[in-house]
1. Only one of the listed values, [x] 10.8; [y] 11.3; [z] 12.4, was derived from the coordinates as Kirkwood radius over Cα pairs in Å; which label is it?
2. So for the chain, averaging the separation of alpha carbon pairs under 8 Å that are six or more residues apart and normalising by length, what relative contact order in percent results?
3. Taking all protein chains in place and a 1.4 Å probe, what share, in percent, of the accessible surface of segment 1-53 do carbon and sulfur account for?
4. Check each of the trypsin sites (Lys or Arg not before Pro) in the chain and keep only those in coil by DSSP with at most 15 other C-beta atoms within 10 angstrom; list them in order.
5. Measure off 7 Å from each Cα along the Cα-to-Cβ vector at Val18 and Gln37, then give the distance between these two points in nanometres to one decimal.
6. For Lys27, which aspartates and glutamates qualify as cross-link partners when the Cα separation must be under 19 Å and same-chain residues fewer than eight apart are set aside?
Amino acid sequence: MAIADFDKFCMYAGVNQVQLKACIERKKGLTFGQISQKLKVPKSTVRNICERCLV
């Protein structure tokens, strides 16, 4: 389902796209700074999101 309809998957998971993408990128081993640049959000936002990831 995540591949077929990412928006719907995010809705069911109870997260928005940025939150889910940040967790996925963190799982890949990217730093908060790298994720911040990639997603164009503040580093502090990425840090806060990733504190809640089950990675």
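The values are calculated or read from the model by the stated rules, or taken from the named source; none is laboratory data. Bear in mind that the values here come from a model prediction, so they are computed numbers and not experimental data. As a convention, Cβ positions derive from the backbone with ideal geometry for all residues, glycine included, and neighbour counts pool all protein chains shown. These accessible areas exclude ligands, DNA and RNA; they are computed on the full protein's heavy atoms, side chains included. Shrake-Rupley method; radii C 1.70, N 1.55, O 1.52, S 1.80 Å.
1. Derived directly from the coordinates: [y].
2. 28
3. Of the solvent-accessible surface of segment 1-53, carbon and sulfur hold 55 percent.
4. Lys28, Lys40, Arg52
5. Going by the 7 Å Cα→Cβ label model, 1.9 nm.
6. Partners within reach: Glu51.
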